[in-house]
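Here the structure comes first, spelled out in structure tokens, and everything after it is commentary.
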Amino acid sequence: MIKIVRALLVGTLMSLWAVAAQAALTIEINQGVEGAVPIAVVPFGSSSPQALPQDVSAIIAADLQRSGRFAPLPANDLLSRPTEAAQVNFRDWRVLGVDSLVIGNIEPTGPDSYNIRFQVFDVLRGGQLIGYTVPATRAQLRRVAHQIADQIYEALTGERGAFNTKIAYVTTRGSGKVKQYELQIADSDGYGPSTVVRTKQPLMSPTWAPDASRIAYVSFEKRRAEIYMQDLRTGSRSKLASFSGINGAPSWSPDGTRLALTLSRDGNPEIYILRVADGSLTRLTQSPSIDTEPTWSPDGQSIVFTSDRGGGPQLYQVSAGGGQAQRLTFEGNYNASPDYSADGKRLSMVHRDGNGNYRIAVYELDTRMLRVVSEGRLDESPSLAPNGRMVIYAASDARGVLATSSVDGRAGQRLTFQEGAVREPAWSPFLPK
Amino acid sequence: MRAIWKPVLLAFAVAAVSGCSSMGKKSTTDAGAETGALGDGATTGVGVGSGTFQGMSIDDPSSPLAQRVIYFELDSSQVREADRAVLTNHAAYLKENPQAVITLEGHGDERGSPEYNIALGESRAQAVRQLMEFQGATAQQLPTVSYGEEKPAVDGHDESAWSQNRRVELIYPGR
């Protein structure tokens, strides 16, 4: 049950990003998720004489479906297509078995501007939950559709939606010794990619600043690992770390003033904290083994990282001020690449199972339960959505593709780069209003 | 003497050409990354000019120095017993040629976390460096770089590819 939606090459140039748009990702959404709440998203009406450049209600339905929490009714199964409250007959919708109903209308207010009205109904109670009218320019239609999906998600689950967010990732073209690497940024559903940096040497480990205005990443463009920081509005960048040996695994502190990172300048790989303003360094770990892949707790008080001090790679937690590290994971003999959820409740990681498969697992910090949420053989680089309900990761069997999954492992989508491989995803924080 | 100089001149010509082509592309793409491409060309040039050609043996395919890759077990940075002799020969070369440099390039297979594989590749390169230091080479002669899983020697998603990708390459400049 895989429906393929082709990504459009979006012609609108987003002024936010420095370099022009590149070839888009192809998106496959998994359908038919057990336990998802049935919902109807009726195609929005429009009095616009011209066709709209974006199918707003389809974007909303795809977002809700991707979350794994909702199962939108296929448009062909709708008995009626109301666009305003007076046209809604709740009995029809109860017959179809949907719990919630979304309707809307798009009214042109100028040559390139619209008012989008949407309403969400509780079908069982027979009443409206929320209703708003949102203005949007033509170029903003996709973003506003994601914002509406966030509103609907929050009204129905009580949790903040994370559809109006971005993802960063690295594409690779070519083979053998002639390759081209690009760090790109796209919407959370893979649309509208733009290039942040392009090199002939590997790019790795993008990490978002908490306000989503900057990105730090590892580049091998000088034939060695160095960490750069780049402003996404201006494209200007600066070198943050270029010590001898590894300069890797950057992770931005929640207050945006520091980066945790891995350096091997004093011998073996250790975790350091770098102050962005003056470049000053504090060493956090002291062990003769590998310490790498730091991720900050959202309160900034501690750091979780990967270490093989116990033999194989496992996750450990240490105070951001230093001190003794505590081991967190004990299930299996390979747990690495942690990402802390923004609510501090869970960690995503790479977990090797008993059959030698590398899969994405989610670890609940209160119950200490580890749950495998992916099904691949070579899954890696998990990054949690800012609401902590979905995880994006790289599935690198055969060719590199990106995949998302809900943290309970129920739903997802795959993002495929037609011209090569795509890896190293990083989900952005919530975007500023 | 003639046999030695021919490859040197050739390498220099290649370096010059690649330098030119990098420069030619500079204007077409964003500046920062292309600076890196220019640097690549320049590095090759320095290697060629650094005067480490006294011993003919490094260009002789039957020399003990011809083996320049050693391989590792999964999750391990321990040098295998059988590879120690290989490293001994290269260490002896460095000891005899104090100006010579060998870059130790650590790599891993594609499985698991990319940044952990960078760390693992670095640990492998450092394990090799440590052994060669014991045998008389100096740390300054043995810079390390880890590419983790980013530059596989062999494409493929099975053990035969993976076992060839878990490696340290001994890179003589300009070769």
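Throughout, read-outs are computed from the coordinates displayed, never taken from laboratory work. Because the structure is a prediction, the values reported are computed rather than measured. Counting neighbours? That spans all protein chains shown, and the Cβs are built from the backbone with ideal geometry, glycine included.
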Please find the FRET efficiency linking B:Asp155 to B:Thr88, where r is the Cβ-Cβ separation and R0 is fixed at 25 Å, and quote it to the nearest 0.05.
0.20
Prolate/oblate/rounded label for region A:166-427 (Cα gyration tensor, a/c 1.5)
rounded
Likely footprinting exposure, A:Val196, A:Val95, B:Val154, fewest C-beta neighbours within 10 Å first:
A:Val95, B:Val154, A:Val196
Could you tell me the center-to-center distance, by alpha carbons, between region A:383-433 and region A:177-255 in angstrom?
17 Å
Within region B:71-100, list the GluC sites (Glu not before Pro) lying in a DSSP loop whose Cβ has at most 15 other Cβ atoms in a 10 Å radius.
B:Glu73
May I ask you to evaluate 6.51 cos²θ - 1.76 cosθ + 1.60, the Karplus curve with θ = phi - 60°, for each residue of region B:118-126 and list the ³J(HN,Hα) values in order in whole Hz, giving x for glycine and proline?
4, 4, 5, x, 5, 4, 5, 4, 6
Listed by chain and number, the residues whose amide H is under 5 Å from that of A:Val123, excluding neighbours fewer than 5 places away on the same chain and using placed H, are A:Ser100, A:Leu101
Rank the residues A:Phe305, A:Phe430 as a footprinting-exposure proxy: fewest other Cβ atoms within 10 Å of their Cβ go first.
A:Phe430, A:Phe305
Placed amide H near A:Leu328: partners under 5 Å, 5+ positions off or other chain
A:Leu315, A:Tyr316, A:Gln317
Considering only C-alpha atoms, what is the centroid distance from region A:129-147 to region A:280-328, in Å?
42 Å
Region B:88-105 versus region A:33-47: alpha-carbon centroid distance in Å:
68 Å
In what order do A:Ser175, A:Ser67, A:Ser46 fall by count of nearby beta-carbon atoms within 10 Å, going from fewest to most?
A:Ser175, A:Ser46, A:Ser67
Note down the net charge around A:Leu365, summing +1 for each Lys or Arg and -1 for each Asp or Glu among other residues with Cβ under 9 Å from its Cβ.
+1
Looking at region A:298-399, which GluC sites (Glu not before Pro) are DSSP coil and have at most 16 other C-beta atoms within 10 Å of their C-beta?
A:Glu331, A:Glu375
In nanometres, what is the gap between the two model label sites at A:Arg223 and A:Asp366, each 7 Å from Cα along Cα-to-Cβ?
5.4 nm
Contour minus Cα-Cα distance for A:Leu281 and A:Asp112 (0.36 nm per residue)
55.8 nm
Based on DSSP H runs of at least 4 residues, each adding -39500 (n - 2.57), what is the mean residue ellipticity at 222 nm of chain A after dividing by all its residues, to the nearest 500 deg cm²/dmol?
-2500 deg cm²/dmol
What does the structure give for A:216-224 when I average, per residue, the other chain Cβ atoms found within 10 Å of the residue Cβ?
5
With axes computed from alpha carbons, what is the tilt in degrees of helix A:141-157 against the longest principal axis of chain A, rounded to the nearest 10 within 0 to 90?
90 degrees
Enter the angle in degrees (range 0 to 90, nearest 10) between the Cα long axis of helix A:56-66 and the first principal axis of the Cα atoms of chain A, meaning the one along which they spread out most.
50 degrees
Could you tell me the calculated FRET efficiency between A:Asp353 and B:Gln67, based on Cβ-Cβ distance and R0 = 25 angstrom, to the nearest 0.05?
0.10
